[in-house]
Every structure is written in structure tokens, then in C-alpha cells.
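> Handing you this structure, nothing more for now.
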Amino acid sequence: LIRNRLTKWQDLTDGNVIFLSSLRFRTLGQQLQRPSDFEFVATSGVGTSVRNLRPHPGEQSMYQVSLPNDTGFDYALVRVWPGTLAGRDIMAVGGSHSWGTEGAVVDITDAASLRELRTKLANPVQGSTGLQILLRVQVKDAQVVSASYVTHHWMR
């Protein structure tokens, strides 16, 4: 475990990397400029939203975070890309707030949630090199209650 400000580029070549961060903060992972179909954006007068840059049929173009009084829901992204060297992977997990990040981590480390996710990811796009998963994280009284799958995109 290495804090973001102490991470060196060498750390990205020595092994697989997982970035955990509320995605409103600038991290070394963002400096790698990996492709993404989703981005967190500040929405004037509303707060934070997730913009879907390439909506698939049935998907929204914007997913609005709603956390008044620390109750509501956040969105989180789980992204996996090829690493800086062959055989290495980079994973980034984060929400717009710490609750989204926490909910995503709990969801992707829970056996039942992973079995459910595996069925949704059963047919990868031919030639895909990465994956992005959008999750909705329910928050009540500043505590993560649950996380649920919203959509995913295979990256080429």
C-alpha cells in the first residue's frame, strides 16, 4: 500500500496496481490517461454527476449523485486497463465521495456480488482491452448500505 503522493512511476512497472480514490481528486492513475467512457463532472448548482460519454441503448447520458445530509446515493467506477508493461494490469476504483469508493470496494470483494457480476460480463467484446463498471452506492446516515450494478462498457 502506497499513498498517492508517494507513488513512483517505477511502482507501475513492478506489478499490478490498484488505485483507490474518490475520483474528484487528481491521482497518478489519472495522469496515465487511460481511455474511459465515464467521467465525474461538477454540475453547477447540483453537485457531482457521472457523464456517460458513449451511452449504449437503455443507458442514461448523466447519472446524478444525490447525497443531501449524508443520505442518498453515490456512483462509483471500477476500471481495469492493461498496465504499462505486458502482463500487468491497472485497476482504478472510486466514487465521487468516499462512500462511493467504499461501496465499490465492498461490492467487488464480495463473493455473491462477484458471481452476479460474472454473469453480466459473460460476453466480452472481441478485442477488448479494458473494462469499466458503473455502480450505484446507497448511503444512509453517512454509512454505505449497498452497491448495485448499473452498467458496464468493454474498452478497445
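The values are calculated or read from the model by the stated rules, or taken from the named source; none is laboratory data. Every value quoted in this text rests on a predicted model; they were computed, and no experiment measured them. Because the Cβ atoms are built from the backbone with ideal geometry, glycine has one as well, and the counts that use them run over all protein chains shown.
> Within the range 128-156, which residues are among the charged types (D, E, K, R) and over 13 Å from the mean Cα position of the chain (by Cα)?
If we filter the range 128-156 for residues that are among the charged types (D, E, K, R), which is where we start, we get 136, 140-141, 156.
Answer for the range 128-156, where residues must be among the charged types (D, E, K, R) and over 13 Å from the mean Cα position of the chain (by Cα): K140, D141, R156.
> Could you list, in sequence order, the residues of the range 93-116 that are among the hydrophobic types (A, V, I, L, M, F, W, C) and closer than 13 Å to A76 by Cβ? Lay out the reasoning, then the answer.
Pass one, the range 93-116, residues among the hydrophobic types (A, V, I, L, M, F, W, C): 93, 99, 104-106, 108, 111-112, 114.
Selection gives V93, W99, A104, V105, V106, I108.
> Within the range 90-148, how many residues turn out to be in contact with a strand residue (DSSP E or B) (Cβ under 6 Å, 6 or more places away or on another chain), more than 30 Å from D70 (Cβ to Cβ) and hydrophobic (A, V, I, L, M, F, W, C)?
Of the residues in the range 90-148, 3 are in contact with a strand residue (DSSP E or B) (Cβ under 6 Å, 6 or more places away or on another chain), more than 30 Å from D70 (Cβ to Cβ) and hydrophobic (A, V, I, L, M, F, W, C).
> Being outside any strand (DSSP E or B), free of Cβ contacts under 8 Å to residues at least 40 places away in the same chain and over 15 Å from S36 (Cβ atoms) is the requirement here; does E116 meet it?
yes
> For the range 123-148, what are the residues that are surrounded by fewer than 16 Cβ atoms within 10 Å (Cβ to Cβ) and within 17 Å of V50 (Cα to Cα)? Quick ask: steps written out before the conclusion?
Let us first name the residues in the range 123-148 that are surrounded by fewer than 16 Cβ atoms within 10 Å (Cβ to Cβ), namely 123-129, 140-143, 145-146, 148.
Within the range 123-148, S148 is the sole residue that qualifies.
> Mind checking which residues of the range 35-64 are over 16 Å from I133 (Cβ atoms) and either in contact with a helix residue (DSSP H, G or I) (Cβ under 8 Å, 6 or more places away or on another chain) or of a type in the set (S, T, N, Q) (or both)?
Answer for the range 35-64, where residues must be over 16 Å from I133 (Cβ atoms) and either in contact with a helix residue (DSSP H, G or I) (Cβ under 8 Å, 6 or more places away or on another chain) or of a type in the set (S, T, N, Q) (or both): T43, S44, T48, S49, S61, Q64.
> A further question follows. Condition first: among the aliphatic types (A, V, I, L, M), exposed (fewer than 14 other Cβ atoms within 10 Å of the Cβ) and touching a residue at least 12 places away in the same chain (Cβ under 8 Å). Now tell me which residues in the range 57-89 satisfy that. Working first, answer last.
Keep residues of the range 57-89 that are among the aliphatic types (A, V, I, L, M), which gives 62, 65, 67, 76-78, 80, 85-86.
Subset that is exposed (fewer than 14 other Cβ atoms within 10 Å of the Cβ): 62, 85-86.
Correct list: M62, L85.
> Let me ask you something else. When you go through (1) within 27 Å of L121 (Cα to Cα); (2) at pLDDT below 90 one by one for Q31, which number turns out not to apply?
(1)
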